[in-house]
Every structure is written in structure tokens, then in C-alpha cells.
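Enquirer: Shown below is the structure under consideration.
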Amino acid sequence: MSLHVIDLIKGQLGPALTSQTAAQLGESESSVSKAIQGLLPAVVGGLANNADNPEVLDTISNASSSGILGNLPGGSSNDSAISRLLSVLFGDRQNGLIETIAGYAGISNNSSSSLLNMVTGAAVGSLGKYAADNNLDHAGISSLLNDQKGIVSTLLPAGLSLAALNESGDWDARYKFDNDRDAIKMPAEEKPVSGEPKIEVTRSTAPEGTFPDRPITNDSGSIWKWLLPLLLLLAAGFFVWKQCDKRETTTTTTVSDSGNVVTDTTTATTSGMRDTAAMAATSKVDEDIDLNGTALKGYRGGMEDQMIAFLKSGSYKNAADDNALKNQWYNFDHVNFKLGSATELEAGSEGQLQNLVAILKAYPEAKIKIGGYTDKTGNEAANLKLSAERANFIKSWLEKQGVASQVTGADGYGSEFAAVDAKASDSERAVDRKMAVRFSK
């Protein structure tokens, strides 16, 4: 499975950076986020279209040592290498792209230009870091960029058209940036050779007062051509709606040190898709978790809530030895590392670590162990190393808070216990990328 470059770039463009950039530009966070989502496919498409350009490959290769990822909010706009790269990627279409994104996101052209530089910097920096970490030469980077052509069309947000990028014919029509037009131009390499019949896809124009794109005639057969699929679609929609009224079973899986799998299955009744969405939206809301009279902010039923309940029940005190505790892990809800890093936490992560410190100080007899996990993508040796480094980073962080004697160890398990296939989407694989904690003796 080829790597989706978009996953690397999004890891650098998180909520904290969006908020910081919005403040610097004087724009709303929602508008900045919307602009970034629109710029991502254009930048990825531009890099993929220039997968064999030596200047592009050199820029990516040198990005790892340039420190561009550490200075994205403001540094990219003043980076001459990024400015030259944008000229290569978009040429005289760059201003048109900036104006289109500005109108789509409701921001100024200056802000749109700054965000284009930032997204391009994030893309080049992410690719450069990945290339350095995986020892990719120019050929390897070129191959990686060429692989992106198959996914670029899936990245364009609804309501945004970048059709102007394809008008000159030198942009790949597979990207479907002209998704609001009637026809897609055929790439040059796919045009029929001389002598072969030319196949054209056209769409009829509906006269006023008739069914869109399909004039109604007295021919009953032509009516059924659109009526039958419509009826089938309505029937399928009714079936899906009825399915949402059924009982839904959710299974949560935790893994022990020895590899034993522990499952906790709960069943909930849903009533329509709107109820299901409401449950998902409200199931993860921070509340006050009681720690012997002290309020901690956390999810009801989340890590802190479960750990406190376990300690209050006396189950820890009554556990004979460490073996009695090995099968119960508690996954952190908020603790996340920046992409590829073992020493940089995402914004908001320290709050839950402080909660864990408070729990340990409230129960000084309790001891814990940290575990790190990755998904199934990438090199397993690297995954083991990264997960162990992250677990040890958290262990060291906790020790500095005055609970060193209560943290007995830290291990990385890599993808050993990952359950989601490597070919699944990034959002599906996210469940396997986690940090966890268990009690120990």
C-alpha cells in the first residue's frame, strides 16, 4: 500500500497551528481551516505533477535540515525556497489559486497567499522528514509523489472548484478539479490513437420546465430510465433508515503485556441516524470527575474515571501481585504525540497527564506502568522504537512531577497488538495509535 502524503501533512496542520495562524492573520479559525482544506489538494497535486522535476526533488530532500516544520506559521511566507517552488508548481496560475481560495474560505488574498506558503511548507517539510527517516533518494521521492495521483481527486472539499488549474491542459485531468463542469478533458497519454473511434461523454441540456438534463417525451421507456433508479434509491434509503433502529453492539479491546486480549462489549439502542450522531457527539464531553473531593476534567467513563473507580473499589489493594493487574489497560483519551515525534506532545495532552499525577498523589500506594502502541503501517522495527521512546518520554515526564517511585516501567509494543488492517483509512487506523497505562505492583 502506498503512503498517503496527505496523512503526513495533516499531522503538521493541527488545531493548535490553525488557531495560532488565525490570530496572526486576523481571520477566524473556521475560515483558516477551510482554506487549508482547499489548498491541500492543490499543493499535493502540484507536487505529484512535478514528481520528476529536479528542483522539486532537491527542495524536498533539503527540507529535513532546513527546520521549516518548526517555523510554519510565519517562516514559510519568507522562505525563498518555498516561493521558488510555488512558481514551479503553479506558474502564472498561482494568483488565480490564491483568489479562488480567498473567495471560497471568506478570507483576504493576503491571508490566502500566506496560507498557501504555509501548506506548501508543511507538505515539503513532511515529505523531507519522511524521506530522511526512510532513506529515500530522488527516485524514491519521485515514486512516492507519483503514487499520490490516484488520491488527489478525493481531497477536494465540496463546494470548491479549482477548474482553472486544468484549463491550460498541462495539469492532470484525473484530479477532477473541474468537478462542476460538464466534461473532463482526457489526459494526453490517454487520447485515442489515430484510426481509433473517439468516445465522448456529453450531457444534454434540459429545456425550461423539464426534468434536469433529461427532456421528458411521450416515450414511456425514457421515463423509466430515470424513474426506476429513483425508486430503487428511495427503497435503499428506507432500508438504511430501518437498520439504524436496530440495536448496536460496541466492543472495546484492551491488550495485556502477555498478549491476552480483553474485550468489553456493550449494547445500545439507536433510533435513526440523527440519534446515532447525537450519541457520538455527546459521548465524549469533558465533565468533572471526582477524586476524593477534587474535581478533575475528563470523560465520564474515560481513563481517569475508570482508574479512580478501580482504586476506590479496593481492587488494587486486594490484588495479590502484578500478574493480577496485567490484563487491565486504560487508554489515554487526550495524550497524543506530533507526527513521527517521541518528544513533542500535541496541544492539550499535558492536562490528562496532570490528572494522572493527581490520581497517583491521591493514592500514594498505587504504582503504574506506561505502554505505547502504533498502527500496522511502516517498518515494524521503527514502530517498536517509536512506541518505546514515547512510553519512556511519558514515564520521564511523570517522574519530574514528583511521582517517580510510582512509575515502575514503560514499554513499546509497536504494532504487535494493532487490530486494524494497514490498508484501512488513517481515521480507522487511529484507534491503534495510542498510549496506555495500567496499574502494577
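The values are calculated or read from the model by the stated rules, or taken from the named source; none is laboratory data. Quick caveat, the model's predicted, so the values are computed rather than measured. Cβ placement follows ideal geometry from the backbone for every residue including glycine, while neighbour counts extend to all protein chains displayed. Accessible surface is based on the protein model in full, side chains and every heavy atom, while ligands, DNA and RNA are left aside. Shrake-Rupley method; radii C 1.70, N 1.55, O 1.52, S 1.80 Å.
Enquirer: Output wanted: per-residue J couplings in Hz (rounded whole) for segment 132-141, from phi through Karplus 6.51 cos²θ - 1.76 cosθ + 1.60, θ = phi - 60°, x for Gly and Pro.
Expert: The phi angles translate into 5, 5, 10, 6, 8, 8, 4, 5, x, 5 Hz.
Enquirer: Another question, then. Between residue 408 and residue 83, what length in nm is gained on full extension when 0.36 nm per residue of separation is reduced by their alpha carbon distance?
Expert: Using 0.36 nm per residue and subtracting the Cα-Cα distance, I get 112.0 nm.
Enquirer: What is the dipole size for segment 346-418, taken about its Cα centre, with +1 at each Lys and Arg Cβ and -1 at each Asp and Glu Cβ, in debye to the nearest 20?
Expert: Dipole about the Cα centre, nearest 20: 200 debye.
Enquirer: Using a 10 Å cut-off on Cβ atoms, rank the peptides 378-390, 130-142 from the highest mean neighbour count down.
Expert: 378-390, 130-142
Enquirer: Once amide H atoms are built 1.01 Å from N in the peptide plane, which residues 5 or more positions from residue 412, or in another chain, come under 5 Å H to H?
Expert: Amide H neighbours of residue 412, under 5 Å, 5+ apart: 372, 388.
Enquirer: Then there's this: Amide H to amide H under 5 Å from residue 368: which residues, 5+ apart in sequence or cross-chain, H placed 1.01 Å off N in plane?
Expert: Correct list: 407, 408, 440.
Enquirer: Amide H to amide H, which residues 5 or more places from residue 291 or on other chains are under 5 Å from it, using H placed in the peptide plane?
Expert: 296
Enquirer: What does the highest-first list of 37-48, 84-95 look like by mean Cβ count within 10 Å?
Expert: My ranking of the peptides, most packed first, is 37-48, 84-95.
Enquirer: Right, another one. I'd like the accessible area for residue 399: 1.4 Å probe, protein heavy atoms, all chains in place, Å² to the nearest 10.
Expert: Approximately 60 Å² for this residue.
Enquirer: From the phi angles alone, apply the Karplus equation (6.51, -1.76, 1.60; θ = phi - 60°) to segment 376-382 and give each ³J(HN,Hα) in whole Hz, x where the residue is Gly or Pro.
Expert: 8, 7, x, 6, 5, 4, 5
Enquirer: Okay, moving on. If the chain between residue 426 and residue 343 were fully stretched, how many nm would it gain, using 0.36 nm times the residue separation less the Cα-Cα distance?
Expert: 27.7 nm
Enquirer: Now a separate question. How far apart, in nanometres, would the label points at residue 322 and residue 138 be if each is projected 7 angstrom from Cα along the Cα-to-Cβ direction?
Expert: About 5.3 nm, to one decimal.
Enquirer: How much accessible area per residue does segment 277-359 have, in Å², with a 1.4 Å probe?
Expert: Normalised by residue count, the accessible surface of segment 277-359 is 51 Å².
Enquirer: Determine the alpha carbon to alpha carbon distance for each of 312/434; 385/441; 312/338; 367/395 and list only those over 23 Å.
Expert: In this structure, 312/434; 385/441; 312/338 lie more than 23 Å apart at Cα.
Enquirer: Compare the peptides 340-348, 407-415 by average per-residue count of other Cβ atoms within 10 angstrom and give them in order, highest first.
Expert: Descending packing order for the listed peptides: 407-415, 340-348.
Enquirer: Per residue, how much accessible area does segment 1-145 show when a 1.4 Å probe rolls over the protein heavy atoms, in square angstrom?
Expert: 39
Enquirer: Before I look further, what does segment 374-441 give for accessible area per residue, probe 1.4 Å, in whole square angstrom?
Expert: So segment 374-441 comes to 47 Å² accessible per residue, rounded to a whole number.
Enquirer: Using Cα pairs under 8 angstrom and six or more residues apart, how large is the relative contact order of segment 300-382, in percent?
Expert: Rounded, it is 24 percent for segment 300-382.
Enquirer: Moving on. Give a residue-ordered list of calculated ³J(HN,Hα) values for segment 304-320 (Karplus: 6.51 cos²θ - 1.76 cosθ + 1.60, θ = phi - 60°; whole Hz; x for Gly, Pro).
Expert: So the Karplus estimates, Gly and Pro as x, are 4, 4, 5, 5, 5, 4, 5, 5, 5, 6, x, 5, 5, 4, 8, 5, 5 Hz.
Enquirer: Can I ask one more? Taking the full set of protein chains and a 1.4 angstrom probe, give the accessible area of residue 317 in square angstrom, rounded to the nearest 10.
Expert: Accessible area, nearest 10 Å²: 150 Å².
Enquirer: Express in Å², to the nearest 10, the accessible area of residue 97 obtained by rolling a 1.4 Å probe over the protein heavy atoms while all chains stay in place.
Expert: 10
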